[in-house]
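*Asks:* Dropping a structure here in structure tokens format, bear with me for questions.
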Amino acid sequence: MGIKDFVIDKILGRFHLTQAKTLLEHVAKLGQPSEHAIPADLVGMLAREAARGVMNTQFFQSNRDWIFPYWAERQYDPTDRAFVPRIMAVGLNCTHRNWVGIGTTDGKIEPVVDPRGLVTPWLDGWSLDTWVEGPRETIYPSRANTVRQSTIDAAPMIRTLISGDSLLLELETFATRLRGIDEVVLHRARVQNLSDTPQDVRLRFAVRPYNPEGVALVHAIRYLPEGYLIVNDRIAVVTTTEPDRIVCSDLRIGDCAQLADKPDARTEVRCDSGLASAFLEYALSIPPGSVAHRNVVMPVDGAPRSMRVVSEVRRFDYRDQRTRAKSRWHEIADEGMNVELPDERVAQSFVLNKSYLRLLDDGETINPGPLTYHHFWFRDSAFLVAALDKMGYTASARRKLIDYPSKQKSDGFYLSQEGEWDSNGQAIWTLVEHARMTGDHDFLRAMFDSIRQAAYWIENKRQTTKSDTPHSSLLPPGPSAEHLGPNDYFYWDDWWGLAGLRDATWAAELLGERTPWLDFEKYEQSFREDIMKSLRHVETRLGRPILTASPYRRFDSGAIGSIACVYPLRLMDPRSAIVENTLTELREKCFVNGGFFQDMVHAGVNVYLTLHVAQMHLSRREAAAWTLAQNLLDRATQVGTWPEAIHPQTGGGCMGDGHHGWAVADWLLFVRNALLVEEGDVLAITPVVPSEWLSWGKRIGVTNAPTHFGTVSYEIEGMRGEIVLTMKPSYRTAPRLLTWTLPFDIREALVDDRAMTINGRVVAVPAGTTRIRVPRP
């Protein structure tokens, strides 16, 4: 035993952790031995969440007289179906992980709003709660039963309506830029008197030491007479109207709400426990049926103390800023690909999620969430950047990709997490896909040296042996996508690696790089043969061709990763027996409430993985694709967001970021691919479309959709006796063939006024075709 191990064992023994060490050592033995048991950055994230969970449990269970955030009000209520027993549990939000990001179009931090209007303006920081007390009732949003939440004109600007018996509390929250202090959150509370008599009410804005994930430490709060609150030595809340009262509290005294009817009027507090709270109070006299309002402003992630900050805040016009913010988001949504669809819900969700996609754009990177997942990963970025490209935000996509070489190690490994062997394939695929979408060969040439190093890394990393083991010549075991199970030789890694070699081959040939072209072509063919050989071992072991998570696993929900060979990578025929068997098994064994239930880690109905299954059906031209998509649309929050995974009982989020960027990207990619998609050198129009969308008087419109071939627009109109497709492409390089798939069989069509016999649901015509007319069945 080395000195290091001896010291570690001594320390573990001192704290009686030897048994825990043994258990952790055996966790690694559940899977294959690998270079990295768990990625280092995940260790930090898990440690932070575990510590937060302990803090949550200790704080929430011993302070039940506080006003908790919405998720904790439900999760700690033994009469609620979201109740979670706390014996030895870590106390995290695992029943209602739902929130929505807000921000500006070019900001790097996205404040969040929870389903009850709780605002968290600082990344993983404190929150602002708003409540109102009248003579007849007190409305605490987190405890209210009747709450409606919506976006303002399909923009990341949030309105929350909390209804009482005699009062209506309306909260509006959005982000904008004010001169001199960068981004701020504007928050307006409107109180309406619903009764037929005047009411004197107290409106309160409270700083809370928590956010939608749990405790967020607040050690000090101070109100300065110039009109702002200092939280942890940063300007946190600026008032636009002088409050009538300021109340501060600490853990020893209790929640500031408990002091609402007491004469306490401390304007500052320090709390060693990090659980200080405070509220600003406004006394309002409201006639029957009338409305009163107050505004506060919160600098995003805090601002340095400066009277200039306060003066700039008090100079703004709320309505003007609201109009400007809304207009800017509408400009963003109008850019690139746009759709007109008979299903208004799908159309609105498409527009809104385009804005959410750009909301998560932080300039040099794009993050898969505003809170939990405010990080960069090549895996998530593959889908997010692909969505940027396919929505027409190509300049934004390029800005992310131009820095990829700086994230590459000297051996060619694209590092976002240690031990995750899928990242090189994902990085190459994303870079090359951008070049295909834009036709920017200069960009591809600038990136080629990095691509070349990454492709050689894939070949060098393979476990090349002469043995006939099921994992021979595959990528090494590792944690891969984490939700696939214990460390193993994951096919997910291999499919991405193979796609990386395929795309590196394409790039080398295009650029005339003969030596790497020949190398990569050879590597790709060899790797493909090795994967298929490994899959034959699985077929022999399980008695049928099927895609498992790894060569050594029985069929389980981890197999969801292996369908990457069809979506998004198109490495296998979607109608092959092995793909069909896998899809059938997934649908029969891994679906709950109409969505894919990921048993491992997520323990919920996963949104983007359900959409991956929907993309499988789309590739196979099966109507089930839209059934799954509509089911997910039904599960979206009132503001059109999805968490990473949905609790099968509460319907709330149970895993990951409550506003999940990968879900945003995959929703946009699904709608886009259902309307038009590249299949090699073929452009497919409506590979799967609901039949009711083609009814008489209905219209499908697609404008400015980027494709591998150039920008494409088209419209489909349902006439009384026929359905008409009118193409308006602007091809850079025309596809070999154009196909139009109908949801029913047809026998004939008029193609540019020339009769054509059809046998089936697909009309295949030359790319230059401008109009196709088919009779209504």
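The values are calculated or read from the model by the stated rules, or taken from the named source; none is laboratory data. As the structure is a prediction and not an experimental result, all values here were calculated from the model. A quick note on method: Cβ atoms are made from the backbone with ideal geometry, for glycine too, and the neighbour counts reach across all protein chains shown. Ligands, DNA and RNA are stripped out before the accessible areas are found, and what is left, the full protein with its side chains, is counted by its heavy atoms. Shrake-Rupley method; radii C 1.70, N 1.55, O 1.52, S 1.80 Å.
*Asks:* Only one of the values (1) 1.16; (2) 1.02; (3) 1.47 was calculated from this structure for Cα Rg over 2.2 N^0.38 Å; name its label.
*Replies:* (2)
*Asks:* Over the chain, with the other protein chains present, what is the accessible area per residue in square angstrom, probe 1.4 angstrom? Don't skip to the answer; put the middle values down first.
*Replies:* On the way: 29880 Å² over 777 residues.
I get 38 Å² per residue for the chain.
*Asks:* Round to a whole number: what % of the accessible area of segment 173-315 belongs to carbon and sulfur, probe 1.4 Å?
*Replies:* 46
*Asks:* Shifting gears a bit: Using only alpha carbon pairs under 8 Å that are at least six residues apart, calculate the relative contact order of the chain and give it in whole percent. Working shown, then result.
*Replies:* Working: 1685 pairs, mean separation 89.1, N = 777.
Here the relative contact order equals 11 percent.
*Asks:* Further question on the same structure: Taking the full set of protein chains and a 1.4 angstrom probe, give the accessible area of residue 529 in square angstrom, rounded to the nearest 10.
*Replies:* So the heavy atoms of residue 529 present about 100 Å² to solvent.
*Asks:* Could you rank 150, 423 by how accessible they are, 1.4 Å probe, largest area first? If you can, show how the numbers build up before the last one.
*Replies:* Values: 150 40, 423 5 Å².
My answer, sorted largest first, is 150, 423.
*Asks:* Rounded to two decimals, what is the ratio between the C-alpha radius of gyration of segment 679-753 and 2.2 N^0.38 Å?
*Replies:* Segment 679-753 yields a ratio of 1.13.
*Asks:* While we're here: For the pair residue 330 and residue 704, what calculated FRET efficiency results from E = 1/(1 + (r/R0)^6), where r is the Cβ-Cβ distance and R0 = 22 Å, to the nearest 0.05?
*Replies:* 0.90
*Asks:* Another question, if that's okay. Hey, what do the phi angles of segment 189-201 turn into as Karplus ³J(HN,Hα) couplings, whole Hz, using 6.51/-1.76/1.60 and θ = phi - 60°, x for Gly and Pro?
*Replies:* Coupling constants for segment 189-201: 10, 10, 10, 10, 7, 8, 8, 9, 10, x, 9, 9, 10 Hz.
*Asks:* Give me the percent relative contact order of segment 62-210, please, defined on Cα pairs under 8 angstrom at least 6 residues apart. Display every interim value, and only then the final one.
*Replies:* On the way: 273 pairs, mean separation 31.0, N = 149.
Dividing the mean separation by the residue count of segment 62-210 yields 21 percent.
*Asks:* Just subtract the alpha-carbon distance of residue 418 and residue 528 from 0.36 nm times their residue separation and send over the number in nm, one decimal.
*Replies:* Length difference between fully extended and current span is 37.1 nm.
*Asks:* Given contacts defined as C-alpha pairs under 8 Å and at least six residues apart, what's the relative contact order of segment 508-618, whole-number percent? Provide the component values of the computation, followed by the final result.
*Replies:* Working: 104 pairs, mean separation 18.5, N = 111.
Reported relative contact order: 17 percent.
*Asks:* Considering only DSSP states other than H, G, I, E and B, which trypsin sites (Lys or Arg not before Pro) in segment 742-777 qualify as loop sites with at most 13 other Cβ atoms within 10 Å?
*Replies:* In loop regions of segment 742-777 (DSSP not H, G, I, E or B), there are no sparsely surrounded trypsin sites (Lys or Arg not before Pro).
*Asks:* Let me ask you something else. Per-residue HN-Hα couplings for segment 592-604, Karplus 6.51 cos²θ - 1.76 cosθ + 1.60 at θ = phi - 60°, whole Hz, x for Gly and Pro?
*Replies:* In residue order, the calculated couplings are 9, 6, x, x, 6, 9, 8, 5, 8, 6, 5, 6, x Hz.
*Asks:* If you don't mind, another one. Return the long-range amide H neighbours of residue 723 (sequence gap of 5 or more, or a different chain), with a cut-off of under 5 Å between placed amide H atoms.
*Replies:* Under 5 Å from the amide H of residue 723: 774, 776.
*Asks:* Continuing with this model, one more query. Which order do 133, 539 take when ranked by solvent-accessible area (1.4 Å probe, heavy atoms of all protein chains), largest first?
*Replies:* Solvent-accessible surface, decreasing: 539, 133.
*Asks:* In whole Hz, what ³J(HN,Hα) sequence does segment 686-692 give by Karplus (6.51, -1.76, 1.60; θ = phi - 60°), x for Gly and Pro?
*Replies:* Result, rounded to whole Hz: 6, x, 9, 9, x, 4, 5.
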